[in-house]
Each structure stands twice: as structure tokens, then as C-alpha cells.
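Structure first, commentary second.
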Amino acid sequence: MAGGHYPFRGVVCFLSTIFVFTIVVLNWQSSSPNLPEANHPVIYGKAWEKAVKKSCKVRPGGRHVVLVTGAAGFVGFHVSQALKRRGDGLIGLDNFNDYYPVTLKRARAALLEKEGVMVINADLNDRKLLEALFKLVKFTHVMNLAAQAGVRYAVHKPMTYVHSNVAGFVSLLEECKNANPKPAVVYASSSSVYGLNTKVPFSEEDATDHPASLYAATKKANEMLAHTYNHIWGLSLTGLRFFTVYGPWGRPDMAYFSFTRNIVENKPISIFQGPGGVELSRDFTYIDDVVKGCLASIDTAEQSLQGPPRGNPPPPFRIFNLGNTNPVPVSEFVSILEKHLKMKAIRNYVDMPATGDVPITHANVSRARDELGYEPVTELYTGLKHFVKWYKKFFLTEEFKGTIDLGNYKPF
Ligand SMILES: O=C(O)[C@H]1O[C@H](OP(=O)(O)OP(=O)(O)OC[C@H]2O[C@@H](n3ccc(=O)[nH]c3=O)[C@H](O)[C@@H]2O)[C@H](O)[C@@H](O)[C@H]1O
């Protein structure tokens, strides 16, 4: 009797497997970031290849040929501009995801295009595109600044972090280790890897195995993946732990930008407080200082081992803090914004949400100072002055108002 049921059970089993598989695939797709169409129809075409080569041409004063990922992002935009201006050849890559308004990313990319930097619309997981690029161009360096950014958003969309920061990074490293020549790789890590560390200032030797957010965990994963590719394949890998970078052309999801918008529009701002009403402090770091650290990392990186490692020691595996060394409480930073805007903020002090913020970040930059000549010189007062000037120009003057449309965007 039991034997008579087996074929039926087989069919049910088969159907349930298909069902589960479909659910998994649908789930995965719905958790992937919303990406606009990549500009693929033109890849491999002669005109496309010519444009790529033109963008990568080294000019007088330049030395390197760099692939900059996340070029339409905040840090990527500034690094690309700086590389181009000093004569390096480069190509930008960006997936233009809609985590914050794409209009801002497009405006940054348009400026880069004007300066002769081509920005390709593609995702790090697009192996076909990466393969075509590495075949076409002998990159000396890769600067990986593409990431799903934001500490708090990770609670809502964890899979987009896995997609960009983990899978995307591995996809890029795979191409780098297959490339000929193998480029040196510099990549963005984050101050958030220090997580629940209580010792300040944070030094690179400190433990980083207690991340407080999924974002931090993916950045820590980057460092560990980087170590593996350095160890097995001899890739030259340098990780940069950025500390709350701010400045013109910045990110509207970050506090300095969203607070400015709200102050200007007479809307309240929420200032987070830790347990017992403790103020949160950040080692806010100005973009120009960070760009100098990025360029110095490229310039000082040793070459990757070429060919199979064959027991040769890998180039140094490097990690640097790029901070300002001067943490400032968030309410003090709001007071500086008020001065520059000549407006009062409507302040709401609220308990910090349980989304992964840490009480304080504070960088010890001795290592970066010694090995990169890194020296942060921009005080928060001056840096925010530059930001407010830029904000007023693009969002409040008749001439530029509307060129970057942020719509009703509100950060998480
Ligand atoms: O160094 C990093 O590795 C990270 O820096 C940045 O994260 P954060 O330091 O969290 O910056 P940001 O959002 O500007 O909040 C600043 C302060 O305002 C507080 N904050 C924030 C929002 C709010 O509504 N209220 C508030 O008090 C908030 O609690 C915090 O104390 C990058 O976003 C991140 O991608 C990563 O690069």
C-alpha cells in the first residue's frame, strides 16, 4: 500500500523544490538594489573602446591608469576629478542605484564627463563588463569606492549591502587577480569597523571583530576578503577606513546634508542621544583631506605580484585610518551649521534608534601620517563653510536651483 504512494510523493517533492527555488529567486531579485539600465548596447563597439581609451590616456604630470568604481558617488567623484586634474588616465564605473536621488549622481558624472572622464553605468557584479574593460585597458590601479553606503539603511535593506559590498567586491577582486597586468587595489573601508570598541582614539591595531551594524560587518568583510586575495594571489591591497566624510557634492543621506536641508526649510531635525542622554560625537573629515589620503595610497602602493605567486612574498597588506583626529558632538556641529546658514535649527533630541550607531568615532592617523604623509588640515568650521556655500549655490540661487532635484527624498 505504501508503495503506491511513492510516485505521488515524488511529484510533490519535485513541485515543492521548484516552489522553494522560485521563492528564493524572487526574494533575491526583490532585495537587489534598483538599478537603471546599464549602458551595455555600446560595449565592445569600436566607438565605446575609443572613448574608454581616450578617458584612460595619461597626460603630462600623470603616471597611473586607474579604474575608479563608485565614480558618481561622493568620494569617487572627488577622487576621479583629482586624478584627472593631475594627469592620470582613468575610467569611472557606477551603478547609479537609487539609494539617494540619482539626479545628484548624474550631475556629478556629467561634471566628470566634461573634464574628460568617462563614467560607465554598470554594476560591480557585471563580470562581462569588467572582463571587457580589463582586456581593453592595462590598469595600474583600481580604486574601489563603490558601495552601498549608510549605517542605518542596512537594517531595512541588508541584501543590497551583500550585493554591492560583498559580492561586488569579490567580483572585482576576481577580475583583478585574472588581469594582466594585475593592478594594485585601494578600497574604501570605514570607521564603523571599530564597532563596539571603547578605546579611543581608534588605531588600526585595535580589535575590529564587534561590528555594531550590518554595514560595518560588510566593510570588515571587505578587509578580510582583501587579506585573502593578498595572501593567495599576491594582490596589492590597501584599505582606507573613512571617518564620516563630508563636503560639497556630498551625500543627502548624511546628517550634515539632511540637517542643512531641514534648517533651510524650517523643518525640525532629530539629534540622536545615547543611553543616559549622552551626546554622539563624530570625527567629521573633510573631503579634500580624504582625497589626498586616497591619492597618496595609490602613489605608495606596491605593485601586485604578476603571474602565479610561486611562494613569493605578497606585497604589503595595508589598512589606514583616514580621519580628522578631532571628534565633535553632533549638537556642536549643528551650531556651526546654524552660524553658516544664519538660521536656527528646530532641534529635537531623541533616543538613538537601534540601527547600529556608535557613541563616538575618533581616528588615530599616525600610521597614515608616517606611510602616506596624510595630514588632515580642514577644521569642521571651515569644511562646513565650504559645504554650505555649495549647498546655497545649487539649491538656493536662481541660476542653479533645480539642476539637482532631490524631490521629497528623506534619509532613513
Ligand atoms: O565613518 C563611517 O564609516 C560612516 O560615516 C557615515 O556614517 P555616520 O557617521 O553615521 O554619518 P551621518 O549619517 O552623517 O551621521 C553623523 C552623526 O549624526 C547622527 N545623526 C544622524 C542622523 C540623524 O537624523 N540624527 C543624528 O543625530 C549620527 O548618529 C551620527 O552620530 C556614513 O554615512 C557611512 O556611510 C560611513 O562611511
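All of the numbers you see were taken from the coordinates with simple rules; none came from a lab. Everything numeric in this text was worked out from a predicted model, so none of it was measured. Please note: Cβ atoms are built from the backbone with ideal geometry, for glycine as well, and neighbour counts cover all protein chains shown.
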**Fill in**
Under the helix-only model (-39500 (n - 2.57) for each DSSP H run of 4 or more, divided by the residues of the chain), the mean residue ellipticity at 222 nm, to 500 deg cm²/dmol, is -12500 deg cm²/dmol
**Magnitude of the charge dipole, the chain, Cβ model with Lys/Arg +1 and Asp/Glu -1, debye to 20** = 1020
**Request:** Read phi for every residue in region 268-285 and hand back ³J(HN,Hα) as whole Hz from Karplus 6.51 cos²θ - 1.76 cosθ + 1.60, θ = phi - 60°, with x for Gly and Pro.
**Result:** x, 10, 9, 9, 6, 10, x, x, x, x, 5, 6, 8, 10, 10, 8, 4, 10
**Request:** Starting from the coordinates of the alpha-carbon atoms of region 320-412, obtain the Kirkwood hydrodynamic radius over all distinct pairs and give the value in Å to one decimal.
**Result:** 16.4
**Asked** Is there a pair in LYS114/LYS157; LYS84/LYS267; LYS344/LYS410 whose C-alpha atoms are over 29 Å apart, and which pairs would that be?
**Response** LYS114/LYS157; LYS84/LYS267
**Prompt:** Where Rh is the Kirkwood radius over the Cα pairs of region 176-256, the temperature 20 °C and the viscosity 1.002 mPa s, what D in µm²/s does Stokes-Einstein return?
**Reply:** 150
**Complete:** Once amide hydrogens are built 1.01 Å from N within the peptide plane, the residues lying 5 or more places from VAL245 or on another chain with amide H under 5 Å from its amide H are THR285
**Message:** Going by amide H atoms built from the backbone, whose H comes under 5 Å of the H on ASP98, apart from near neighbours?
**Reply:** ASN34
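Have a look at the DSSP beta bridges in the chain and tell me what percent are antiparallel, nearest 5.
5
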**Request:** Towards the positive end of the charge dipole of the chain, with charges on Cβ (+1 Lys, Arg; -1 Asp, Glu), say which of VAL119, ILE346, GLY274 has the farthest Cα.
**Result:** VAL119
**Fill in**
Taking every other residue with Cβ under 15 Å from the Cβ of ARG282 and scoring Lys and Arg +1, Asp and Glu -1, one gets -4
**Request:** Restricting things to alpha carbons, tell me how big region 41-195 is in terms of Rg and Dmax, in Å.
**Result:** 15.0, 48
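Quick check: convex hull of the Cα atoms in region 146-292, volume per residue, rounded to a whole Å³?
On the way: hull volume 20.4 nm³, N = 147.
Looking at region 146-292, the number lands at 139 Å³ per residue.
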**Separation of alpha-carbon centers, region 49-75 and region 310-328, rounded to whole Å** = 24
**Asked** Using a simple charge model, +1 on the beta-carbon of Lys and Arg, -1 on the beta-carbon of Asp and Glu, nothing else, what dipole does region 346-403 show about its Cα centre, in debye to the nearest 20?
**Response** 280
**Request:** Mind grabbing the base-10 log of I(q)/I(0) for the chain at q = 0.11 Å⁻¹? Debye formula, identical points on the C-alpha positions, no solvent, two decimal places.
**Result:** -0.83
**Complete:** Per the C-alpha gyration tensor (a ≥ b ≥ c, the square roots of its eigenvalues), region 243-376 is rounded if a/c is under 1.5, else prolate if a/b beats b/c, else oblate; here it's prolate
**Asked** Given q = 0.14, 0.25, 0.26 Å⁻¹, what are the Debye log10 I(q)/I(0) values for region 289-337, with equal point scatterers placed on the Cα positions and solvent ignored?
**Response** -0.59, -0.98, -1.01
**Request:** Would you please state the base-10 log of I(q)/I(0) at q = 0.18 1/Å for region 103-165, with intensities from the Debye formula using one equal scatterer on every alpha carbon?
**Result:** -0.90
